[in-house]
Every structure is written in C-alpha cells, then in structure tokens.
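*Asks:* Structure in structure tokens, see below.
The values are calculated or read from the model by the stated rules, or taken from the named source; none is laboratory data. These figures come from a predicted structure and were not determined experimentally. With ideal geometry, Cβ positions are generated from the backbone for all residues, glycine too; neighbour counts draw on all protein chains shown.
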Amino acid sequence: MQIKIPSNLNKISKDIIFNIIANLIPVAVLQLIVLPYIANELGDEKNGQFLTVLALLHFIVPITSNSLSTARLLLNQKYQEDKITGDFNLWLSLYAVLNIGLVVIGCLFYFNKINTIDIISICLLSVVWMIKDYLLVEFRLFLTYSKILINNLFLTLGLLIGAYLFNFFSHWYIIFICGYSVAFMHAVLSTSLLREPFGKTEKFKHLSNVIIKLVAANILGMLAVNMDRLLLFPLAGGAIVSIYFSASIIGKIVTLISSPISNVFLSYFVRIKQLTMKNLYGLLILSGILGIMAYGVILLISPLLLRLLYPQWWAESLKYIYITSGISSIELIVALTTPLLLRFNGVNMQMKIQTIYFLLYAVCGLLLYFWGGLKGFAFGVMLATMSKMCLTCYYLIRKIRILNITEMG
C-alpha cells in the first residue's frame, strides 16, 4: 500500500491538530487545576511524596507502553500479511507484571512508611494507565485520531471527577485511578486489541528483539532529557542547575508539540512502501523550516515568560537563551524526522544514534563546561544535538537512496 504524501496533506494536518489538542487538554487540566489543588491539600511533605511517585510512573509507563505501541505500528502490517495473530497481548501481560514489580520496588525504595493499600492502588493505576496507552495504538493504525481526542476528553472528565472524590477520600491516587479508568473503559469498548489471542507465534522472537531495542532507546532518551541536571548538580550546585533549567524550559515546552506530530507521522509512514528522494528532501526541508520557526517563537516569548515564571533567575538565564533555544529547535527537527528513520532504517539504527548522542552529550557537555562554564556546557549539548540531527539525516538519505536504486534495478 503506497500513500502519496501530497494528496494526504489535509488529512495529515487534521490528524496533527487532533493529536496536539488531545495531548494538550489533559496536560492543561493537570498543570493548571489538579496538581495545584493536590499541592494545596497535601502540604509540602506529602506533596513531595506524591510528585516522586508521579515521576516514577511517568518513567515506567511511557517506556513500556510506547515501546509496545511503536513495535505494533512497525510490525502490524507484516503480521497481517502473514495472517498471524498473537504475541502482543503476551508482551502486554509481561509488561503489566513488570510495571507492578517496578512500582513496588520504587515505593519501598523512596518511602520508609507506606501501607499495602497505597501500594496496591498505585500498582493498579500503573497497569490501567499502561494498557490504556497501548490500546490507543489501534486508533493510530486506522488513522482515527479523532478517537484519541475523545479518549483524552474522557480522561480529563475522569480526572475532574476524581478531583471531586478526592475531597472525601484524601488519597491523591483516587484522582488518577478515576481518570485513567474512565479512559481505559472507553479504550476497551472502542478497540479490539485485547480480544486477540495471548499465545506465542513464530514472530515472537523478532518482536521481542524490536521491543527490547525500543526500550533501551527510550531509556537513553529519557536519561538525556534529565542529563543536564544529573551532570550540572554535582559540578556546580543547585543554583546553576536552576539557571540552566529555567533557560531551557520555554524551549522544552514549545517542542512538546513535536511528540503528537511525530506520532501522526509514524502512523502514516508505516504505510509507505517507497519514498522518493524528492519527497524525502521536502520532508527534511519542512522539518528545518519548523525548527527555524520554533527558534524564533522561543526567543520571542522567553523574556516575558521567564520573568513571569522564574523572576529570581530570569536575568541570568537570558544570557544562555540563544543557545538553549537552538538546542530545542534542533531537537524538534530530530523528533520530526525520527519516524522516517524508524520506518526505513529500523530500530537498530535509532538505537545506534541514540547511544552516540548520549555519549556525546556527556563527553562534550563535561569537557566544554570545564573550558567555558555553563555557556560551554550549553555549547556542548548543542554540539551533541547537532550531531544527532546530522546522523539521522545522513543515514536516512543514504537508506532511501539505496532503496530507490534497488527499486529501479
């Protein structure tokens, strides 16, 4: 099945808008309503515990659900062509057990005193959240992004209902269990993935290899997101971390839109059997234009937002905004081109590039920090990010050129 990209621009644009809105609505409700409300009710110590558990869930759930969803997108067509059904629900069950194990270990590690009911409730939340996120891949397979928007509206409704119930039960996880259970029920009733057999097929080994590599790449990516704090804090202390974090936070907020866009791109790219060099260069140029536009937007809004959000550090942070904005813009370009890399080069290449980027980030960041302080560190991160962009584009262009030559031959 070959999709001509130009003829689908209207559909792609609508799906991107649907997916951006679908991602923004629950995030806005959480950030503007739910989290401040919980913080006000729990107080400093208990709110800190809640945020720690939430950070743990934000690490465990996306790694498991995203790797399985991406593997499904990449391999679903091959399973259908070979008329094979299975494997995915077996991995879903394994991930459910893994989630429970990691949540229990995390809770026991971070908290000296936590009761059994709390642990069971957090485990339930983790599993429901993970399964719900995986089930949404069916909407991506059939390009029905409006249903993802509907699901996130159910999630938002559930969170608001949970916030009301929080007044009577005083346990923060009530809010999230309620929200994700409502969204989970909608996903179960609207999809058929859970009705597939739980058995193992001849493709299980290949699927497992793909999933493990995706998990490794996701872990490296999440570590890189937090690498600035992990490296700077022992070297320079909390004040420098705060300055760099505030200098880069606006760029990171703006580039959040890259995730829903790249998810839509991957849904379409997995259907493409062949891509011409002309279309590839067009997509790369479009990504570059969006990156440049993002750079301008970040520079434009950063002074005002930094002064509003971080008045204690904004003057110092502005010294580095030109560099951190560039880093965020390059990251946006990489995020938009990675779906093509996954489709045509495979997960091995993504893992290779992610490993090189992770090592370059650490080495360049450290070396240039000792040479030029925080500005040197920022330049080191930019160098690593530019290298990641160049490697992605180079291997992608080389692969498409080889495929086109083979097709002509």
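*Asks:* Could you tell me whether Gly238 is loosely packed, with under 14 Cβ neighbours inside 10 Å, within 30 Å of Trp314 (Cβ to Cβ) and not polar (S, T, N, Q)?
*Replies:* On the way: loosely packed, with under 14 Cβ neighbours inside 10 Å: yes; within 30 Å of Trp314 (Cβ to Cβ): yes; not polar (S, T, N, Q): yes.
The answer is yes for Gly238.
*Asks:* Of the residues that make up the stretch 72-83, is at least one of a type in the set (Ser, Thr, Tyr) and crowded, with 16+ Cβ neighbours inside 10 Å?
*Replies:* Yes, the conditions are met somewhere in the stretch 72-83.
*Asks:* Follow-up. Pull out all pairs, ordered by first then second residue, where Cβ-Cβ is under 6 Å, the residues are six or more apart or on different chains, the first lies in the stretch 128-146 and is without any contact (Cβ under 8 Å) to a residue 60 or more places away in the chain and over 25 Å from Tyr173 (Cβ atoms), and the second is in a helix (DSSP H, G or I) and of a type in the set (Lys, Arg).
*Replies:* Sorted first by the residue in the stretch 128-146, then by its partner, the pairs are Phe139/Lys147.
*Asks:* When Gly158 is evaluated against the numbered criteria (1) small (Gly, Ala, Ser); (2) assigned to a helix (DSSP H, G or I); (3) in contact (Cβ under 8 Å) with a residue 40 or more places away in the chain, which criterion, by number, is the only one it fails?
*Replies:* (3)
*Asks:* Return the residues of the stretch 258-281 that are in contact with a Pro (Cβ under 9 Å, 6 or more places away or on another chain) and of a type outside the set (Val, Ile, Thr); say none if nothing qualifies.
*Replies:* Answer for the stretch 258-281, where residues must be in contact with a Pro (Cβ under 9 Å, 6 or more places away or on another chain) and of a type outside the set (Val, Ile, Thr): Ser262, Asn263, Phe265, Leu266, Ser267, Tyr268, Phe269, Asn279.
*Asks:* Please pick out the residue among Ile131, Ile84, Ile122 that is in contact with a Phe, Trp or Tyr (Cβ under 7 Å, 6 or more places away or on another chain) and at pLDDT below 95.
*Replies:* Ile122
*Asks:* Looking only at the stretch 185-203, filter to residues that are out of contact with any helix residue (DSSP H, G or I) (no Cβ under 7 Å at 6 or more places or on another chain) and not in a loop (DSSP other than H, G, I, E, B); which one of those is nearest to Val27 (Cα to Cα)?
*Replies:* Across the stretch 185-203, the extreme among qualifying residues is Met185.
*Asks:* Can you name the residue in the stretch 165-184 that is over 18 Å from Val29 (Cβ atoms) and out of contact with any helix residue (DSSP H, G or I) (no Cβ under 8 Å at 6 or more places or on another chain) and, of all such residues, is surrounded by the fewest Cβ atoms within 10 Å (Cβ to Cβ)?
*Replies:* If we filter the stretch 165-184 for residues that are over 18 Å from Val29 (Cβ atoms), which is where we start, we get 168-171.
Next, only the ones that are out of contact with any helix residue (DSSP H, G or I) (no Cβ under 8 Å at 6 or more places or on another chain) stay: 168-169.
Values: Phe168: 8, Phe169: 12.
Applying the filter and picking the extreme gives Phe168.
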